[in-house]
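Every number here is computed from the coordinates shown, using simple stated rules; none is lab data. Predicted model, so just to flag it, every value in this text is computed and none were measured. Reconstructed Cβ throughout: ideal geometry from the backbone, glycine too, with neighbour counts over all protein chains shown.
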Amino acid sequence: MRGNKMKALYLAGMALALVAPSVAFAHGPTRQKTTKSIEINAPAAKVWRVIGNFQDMNWCEDVAKTTGTGGNEPNTATRVLTLKGGATVKEDLTRYEPKEMLYGYFTDKIDVKVLPVNDYSGVIQVQAEPGDKSKVVWEAAFYRGYMNNDPPPELSDAASLKAVNTLLQTRLDALKKKIEAMH
Amino acid sequence: MSVAALRGRVIRAVGAGLWLAAASLAVTPAAADEAFITDQSASAVSVLDLATKKLVATIPVPGKPAGIAMAPDGRRAYVTSPEGQDVSVIDTAARRVLRTIKVGQDPLGIAIDPTGKFIYVADFDIPHLYKVDVHEGRVVGDAQIGASPRGVALTPDGKLIVAADRNDDQISILDAASFKRIAIVKVGSHPFGVTIDAQGKRAYTADVKSNTVSVVDLATHKLVGTVKTGLRPYVVALGKTSGYVTDEYAGTVTVFDLASLKTVKKINVGDYPEGIEFSPDGKMLYVVNWFSNDVWAIDPTTLKVTAKMQVGDGPRAFGTFIRKVP
């Protein structure tokens, strides 16, 4: 009964699709990306000393604890961030290029209540700037929090992008403050 | 002057010499190759002149274009738009979209047969492969394949079609004439791109979850080897003796030996490399970096990066994107 009903609905949908080809019935989300950066009034090497250890995310204000294994070995190292609210996020190291002052990571699974995204990955890099200044560039790639059609507003493309932008910017702002206060 | 710029000068000088030689023989000189790059975030296709290494055109293509198949004669390019649920037919010389063809729900992977008459489009939402007659501009066949298929490729003789059934960790092999599936071969976890060698003997899948390339014999329908890659391999390109795979999360291209299937080297490229393809003469390899919005040229003999070309936002070029200009 239910099957027949579904089939009838499906056929009706097909018929509608034929007469109204502009109606979008289904399409998966497109991957999104964003880049945030901040200029810091400190040499690049000094900034890298603070953020360059994959096993230590304590420079992030929202992170209470970092535990992990594998050091800074890409494709081996993993870490678990315990956020101040109690949630945990497990991340794997994808790239570690100390000469470039760069590392990359990805998160296989993340609770959309923590961050409304899927397949979230990122790369963070410290770049030297003239006058003993530096720039921290943070890239993130992700899909929205809802992988099917018609996402609820809080898991839409726009909401996911906004949440990631806010997270990166908040962390970078705090990093700047922390480093510029160091002597 | 940078090495890349210097190299460009030498190439142009040699090119001029060839042109003169060709002119004296009263043969029309070959124009430079071009690359048609699908800029997904920008909803456009960037056209690169691969001799001058310059962006020469930007063609608006709505619907977040991702996949591409270049016609064998280089006159048309077929571009899939998952959000537009269609294939855009591009007149490559005129740099414009001639028309769009509605195909499936989430068209992504696409390949063209050697006659240029049919394109095959995989739907990543539902397990279907569509056959499209490009002259009639409509879907003429629909075959059931595995779950959430991504890449599609044909043997050079056009007899076999291979689709990477991502969520079933397998490839489907179809007979092109009957458009029926004749075999299923299990490969690594979540195969994405699929590439077939020039002899039509082997198919290579880039398995995004197991960080491997799987090698399948197309005659025996058997998995004959596995290559360890960098993180999140996406697409394989094949040279005469080596294979090259883009490692999305590692930001590298893993080079492996086609005979031993051992890794030879890793080349650092841009961020989140995806599409990769050789020039028609096999002398240059092009890598499309999704995050860094550029295309890098790599000399396959020295494995050195010789040029970086800026394109639009979110380039993917998933498929065959190099145009040999007639």
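Here are a few things to note about the model shown:
- For segment B:196-326, the direction-averaged projected area of the alpha-carbon convex hull comes to 7.9 nm².
- Reachable lysines, given that their alpha-carbon falls under 17 Å from the alpha-carbon of B:Lys180 and they are not under 8 places away in the same chain: B:Lys131, B:Lys159
- Relative to the current alpha-carbon distance between B:Lys283 and B:Ile184, full extension at 0.36 nm per residue lengthens the span by 32.2 nm.
- Candidates per GluC sites (Glu not before Pro) in segment A:118-183, loop by DSSP, up to 14 other Cβ within 10 Å: none
- Think of it as helices only: each DSSP H run of n ≥ 4 in chain B is worth -39500 (n - 2.57), and spread over all residues that comes to -2500 deg cm²/dmol at 222 nm.
- Of interest is the spacing of the C-alpha centroids, which for segment B:251-326 and segment A:24-82 amounts to 27 Å.
- Temperature 25 °C, viscosity 0.890 mPa s: under these conditions the Stokes-Einstein estimate for chain B, based on its Kirkwood radius over C-alpha pairs, is 126 µm² per second.
- Computed from backbone phi with θ = phi - 60° and the Karplus coefficients 6.51, -1.76 and 1.60, the 3J(HN,Hα) list for segment A:136-151 is 9, 10, 10, 9, 9, 10, 5, 9, 4, x, 10, 7, 9, 6, 6, x Hz; x is used for glycine and proline.
- Average 1/r across all pairs of distinct alpha carbons in the protein assembly as shown, invert it, and you get the Kirkwood radius: 24.0 Å.
- Test item: A:92-100 mean partner chain Cβ contacts at 10 Å: 3
- If only the Cβ of Lys and Arg carry +1 and only the Cβ of Asp and Glu carry -1, the dipole of chain B around its Cα centre is close to 720 debye.
- Between B:Asp257 and A:Lys162, the modelled label-to-label distance comes to 5.6 nm, taking each label 7 Å out from Cα in the direction of the beta carbon.
- Averaged over the residues of B:116-127, the number of partner chain Cβ atoms lying within 10 Å of the residue Cβ comes to 1.
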